[in-house]
Structure formats: structure tokens, C-alpha cells
1. Given the options GLY45, GLY34, name the one that is at pLDDT below 95, open to solvent by 50 Å² or more (accessible area, probe 1.4 Å) and of a type outside the set (Val, Ile, Thr).
2. Take the residues in the range 16-31 that are hydrophobic (A, V, I, L, M, F, W, C) and under 29 Å from GLY148 (Cβ atoms), then tell me which one is most open to solvent (accessible area, probe 1.4 Å).
3. Applying the selection to the range 295-308, what residues are closer than 14 Å to ARG189 by Cβ and open to solvent by 20 Å² or more (accessible area, probe 1.4 Å)?
4. State yes or no: is PHE103 among the aromatic types (Phe, Trp, Tyr), surrounded by 13 or more Cβ atoms within 10 Å (Cβ to Cβ) and under 15 Å from SER172 (Cα atoms)?
5. Can you tell which of LEU82, LEU72, LEU115 is open to solvent by less than 10 Å² (accessible area, probe 1.4 Å) and closer than 16 Å to GLN52 by Cβ?
6. Taking the condition at pLDDT below 95, closer than 27 Å to VAL150 by Cβ, exposed (fewer than 13 other Cβ atoms within 10 Å of the Cβ) and not charged (D, E, K, R), does ALA321 pass?
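The values are calculated or read from the model by the stated rules, or taken from the named source; none is laboratory data. A quick note: this is a predicted structure, and the numbers were derived from the prediction, not measured. Note that we place each Cβ from the backbone using ideal geometry, even for glycine, and neighbour counts take in every protein chain shown. Please note that ligands, DNA and RNA were not included when accessible areas were found on the heavy atoms of the full protein model with its side chains. Shrake-Rupley method; radii C 1.70, N 1.55, O 1.52, S 1.80 Å.
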Amino acid sequence: MKLLIEEGDRETLGALEARPPRPGTEVLVLPPGGPKTKPRALNAGLLGARGQFLTVFDAEDRPDPDQLRVALDAFRCGPPELACVQARLAIDNVADGWLARHFAIEYAALFDVVLPALGTLGLPIALGGTSNHFRTAALRSVGGWDPGNVTEDADLGLRLARLGWATRTIDSTTWEEAPVRLWPWLRQRTRWIKGFMVTAVVHGRDLPGLARRLDPLSFAAAQLLIGGVAATALAYPVVLALILWRGLDGSLLAPAESLAGAAFAGLHVTNLIVGYSAGLACGWMGIDRRGPSGLARDLLTMPFYWLLVGVAAWRALYQIATARTTHWEKTTHGVSRRRAQPDQV
């Protein structure tokens, strides 16, 4: 096992000096340089990796005890082009409030519903940032991680797909802590969406080439999964503001002045209905599979949570416009005192 530590992280280095890791654990202190991002550190670890398989865990993770065995079995039973298996991520501090509960709903919808479905269909998967299990040779063949992308996992998932590698999910859980306050949540979500925007631009520079490498369904899924998520997050607060403005000036329910205007309004309404319905359906299925069942009540306030996601998206776009594309807003972990044990969730 390798612990990847930035040179300037005196707190962590001091803790390791006071309590050295157990035998078999190697501490790699990254050399000076930039960008100071997680993927840069991961690439340093990849250079020193010696095994046939490689796993990424965040330091605060609580994976199922048998997860490495489950991942190895998936590789043994899978096709030779299987490059990565993604474990399911779940939130264990839902007792910390509204934000944590909606975070749990998001994760349940994504990791217990959407990603398993994409993996079963053989479509591209935007990886989670942890509990990724790789075939080391495949990871090296695609160049490892992009050190300049602050959502390196989503970029890598798409890059694996476009270079002919497959990704699947496994039925093993890693428990994580969700941010419990708005500002840390907003900083983390800004970083995630910023990475999605960068990934969409990088892989969109040659859309015909991407379309040639992927089949039509995979190409469409990749566009919706990466660019579509970012575009929807940007559009949502704008559409809500327009609806509110038209409602206040009395024109919302007025007859359309032209057929084109009626069609345009109908398209917006349809998109909202479809979007809400899909989000509620995935959230409901995720809660049904993951629990706890009490989270179902929070589905009623999902539109307000999406509005916060929209704020993060516009903040991400502002950071890109002001040349802070690689700026990594770190999330402080270990703040919750209400994390349930895995067998209690």
C-alpha cells in the first residue's frame, strides 16, 4: 500500500512520524511542483506501482472488508478488455442534516442505479474518485490520470471507453462522509462540475474522432453523462428565474404570440417535467436499494437542492473564465460526529 502525501502537508507527515504506518505501507512524499492536484499524486503512485492490479482509496474511506477480493473476482471472471471496476459509494452520515441526506440520495441514484445500468449495457462510466480498481497495464496504456483535471475520475472513465477499454461496477460498498455545511459542499461541488466542464471541452475538441471510436449509443451516453450534466446544472437556475420573472409580470400563462413561441415554451415545460421525473425515479430506486427509507421524504425538496447545484455550476464556470481551472478546493473530512457504522446504515 502507498500513502501519497504532498511535501507541504506538515500535519499528515507529522502524524506519520508520531505513528509510523504498519509494515508493507510505503509513504510517498510528492516532489515540489504543480499542479497540486490529486491526479498528479496518483500518477506518482502509478510510477511506483508493481502489482498487476491497482486500487485507489481516499484516506477517509470505509470500504467493505472483502472489497479487494470482490474486485479481483470481477477481473478474473470478466473479459480481457475489462480495465476498471468501480465499487458503489454510499453516505453514512445522513443524520447530519438536509445537505447530507440529499447527498446520500444522489449517491444512491448514481452508484446503485445509474452506473450499474451503464456498466451492464457496456456504456462509458464517469468513475467515482475512490474505490476504483484498475488493471495496471490498462491504466498505463491510457496515460494514467490527467493532472490538470480536478475531476480526474470522470475524465479517466471516458478516456478508457474511447480507447477500447471496458468499465464495470461491483456489488461492494465504500462508505463516505458527506459535507455537512453549505460552504464546504459548495466548494466541493464547484470542483466536481468544473472538472466535468473541462472534460467535456477536452474530449469535445474532436467530436467526429470520438464518434468513430465509440458506437452511437456510447457516444450519446458520454455526451449526456459529462457535458449534459454540466449544461443542465447551468441551465436550471436560469430557467427557474425566467419562469419566476414571467410569473411575476403575468405573461407565464398568457397565450403564445406565435407557433414558434408556443413550441419553445412547450419544450421548456417538457424538459422540466422529464428532468424532474427522471431525477425522482432514480432517487426513489436508489433509496429503495440503499436506504434508509426515510430519505424518500427529501425527494420533495430535490428541486431546491438542484438549485444549489446550479449555483455551484456558475461558480465553476467563473473559475474557468478567471484561469483557475486547476485550482483545487479541498474538502475537510472528519467533521461529522454522527457517522453510522456500516451495519447500522
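1. GLY34
2. Ranking the candidates gives VAL29 first.
3. We begin by selecting, within the range 295-308, every residue closer than 14 Å to ARG189 by Cβ; these are 305-308.
Selection gives TRP306, LEU307, LEU308.
4. Details: among the aromatic types (Phe, Trp, Tyr): yes; surrounded by 13 or more Cβ atoms within 10 Å (Cβ to Cβ): yes; under 15 Å from SER172 (Cα atoms): no.
When the stated conditions are applied, PHE103 does not pass them.
5. LEU82
6. Details: at pLDDT below 95: no; closer than 27 Å to VAL150 by Cβ: yes; exposed (fewer than 13 other Cβ atoms within 10 Å of the Cβ): yes; not charged (D, E, K, R): yes.
Judged against the criteria, ALA321 is not a match.
Let's see how each residue does on (1) touching a Cys at 6+ places or on another chain (Cβ under 7 Å); (2) part of a strand (DSSP E or B):
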{"position": "ALA154", "(1), (2)": "no, no"}
{"position": "ARG159", "(1), (2)": "no, no"}
{"position": "THR167", "(1), (2)": "yes, yes"}
{"position": "ILE170", "(1), (2)": "no, yes"}
{"position": "THR174", "(1), (2)": "no, yes"}
{"position": "PRO184", "(1), (2)": "no, no"}
{"position": "ARG189", "(1), (2)": "no, no"}
{"position": "PHE196", "(1), (2)": "no, no"}
{"position": "ALA200", "(1), (2)": "no, no"}
